[in-house]
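Asker: If you scroll down you'll find the structure; I have some questions about it.
The values are calculated or read from the model by the stated rules, or taken from the named source; none is laboratory data. The model shown is predicted, which means the values in this text are computed figures rather than measured ones. As a convention, Cβ positions derive from the backbone with ideal geometry for all residues, glycine included, and neighbour counts pool all protein chains shown. The protein model used for the area step is the full one, side chains on, heavy atoms only, and it has no ligands, DNA or RNA in it. Shrake-Rupley method; radii C 1.70, N 1.55, O 1.52, S 1.80 Å.
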Amino acid sequence: QVQLVESGGGLVQTGTSLRLSCAASGRTFSSYVMGWFRQAPGKERTFVASISQGGGRTYYADSVKGRFTIARENAKNTVYLQMNSLKPEDTAVYYCAAKPDTMSVSDPVGYDYWGQGTQVTVSS
């Protein structure tokens with residue numbers, strides 16, 4: 001079992017930055033691929049970024065490439081999402097999630113554990 005708790009969301013202006021954190025419980029954090037997803041009101045949950053168990057492989061949605069960076073600290077059971085140059089279209093609830101394998105990391109169906117989400121609102 002893995003429990004995930006996100007933090008770091010808030011209301012910010014266009015062009016600014018935020019760093020989201022996701023703290024995981026349990027001693028097996030390093031065995032999971034970690035992902036960030038987001039869901040805007042009335043829309044489906046979509047992939048943002050993922051990072052492999054050791055941190056060596058990262059993937060990003062085209063919409064955030066070059067602006068967002070995913071990282072993890074296995075010693076702290078924490079994964080981060082650094083978000084720069086934020087835009088109003090980045091407004092959403094952001095969720096972190098964990099999966100035990102590296103297949104289809106952009107598909108939310110394969111993730112076993114989810115956090116409760118943290119709201120990010122970017123004003124224009």
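Asker: Report the trypsin sites (Lys or Arg not before Pro) located in segment 1-68 that are in a DSSP loop and have at most 11 other Cβ atoms inside 10 Å of their Cβ, or state none.
Answerer: 27, 43, 65
Asker: Using a/c under 1.5 as the rounded threshold, could you call segment 31-70 rounded, prolate or oblate? The axes a ≥ b ≥ c are square roots of the C-alpha gyration tensor eigenvalues, and prolate needs a/b larger than b/c, oblate otherwise.
Answerer: Verdict is oblate for segment 31-70.
Asker: How high is the relative contact order of segment 7-69, in percent, counting Cα pairs under 8 Å that sit 6 or more residues apart?
Answerer: Computed value for segment 7-69: 20 percent relative contact order.
Asker: Below 27 Å, Cα to Cα, which lysines can residue 99 reach? Residues fewer than 8 away in the same chain don't count.
Answerer: Hits, sequence-local ones excluded: 43, 65, 76.
Asker: Distance from the Cα centre of segment 1-39 to that of segment 49-101, in angstrom?
Answerer: Here the two parts' Cα centres lie 8 Å apart.
Asker: Mind listing P(r) for the chain? All alpha-carbon pairs, 10 Å bins, whole percents.
Answerer: Cα pair-distance distribution for the chain, in percent: 15, 50, 30, 5, 0.
Asker: Per residue, how much accessible area does the chain have with a 1.4 Å probe, in Å²?
Answerer: 51
Asker: Further, regarding this structure: Mean separation of Cα pairs under 8 Å and 6+ residues apart, divided by the residue count of segment 35-122: what relative contact order is that in percent?
Answerer: That works out to 30 percent.
Asker: While we're looking at this one, here's another question. Connecting C-alpha atoms closer than 10 Å in a GNM of the chain, tell me which of 41, 100, 88 has the biggest fluctuation.
Answerer: Looking only at 41, 100, 88, the biggest GNM fluctuation is shown by 41.
Asker: Hey, quick one: spin label on residue 107, modelled 7 Å out along Cα-Cβ, who in segment 47-73 has an amide N within reach, i.e. under 15 Å?
Answerer: Once the point is set 7 Å along Cα→Cβ of residue 107, 47 turn out to lie under 15 Å by backbone N, inside segment 47-73.
Asker: I'd like the accessible area for residue 103: 1.4 Å probe, protein heavy atoms, all chains in place, Å² to the nearest 10.
Answerer: Rounded to the nearest 10, the figure is 130 Å².
Asker: Taking +1 at the Cβ of each Lys and Arg and -1 at the Cβ of each Asp and Glu, which of 104, 93, 74 sits farthest along the dipole of segment 63-109 towards its positive end, judged by Cα position relative to the Cα centre?
Answerer: Highest projection toward the positive end goes to 74.
Asker: Charges only on Cβ, +1 for Lys and Arg, -1 for Asp and Glu: so what's the dipole of segment 9-117 about the Cα centre, in debye to the nearest 20?
Answerer: With Lys and Arg at +1 and Asp and Glu at -1, about 240 debye.
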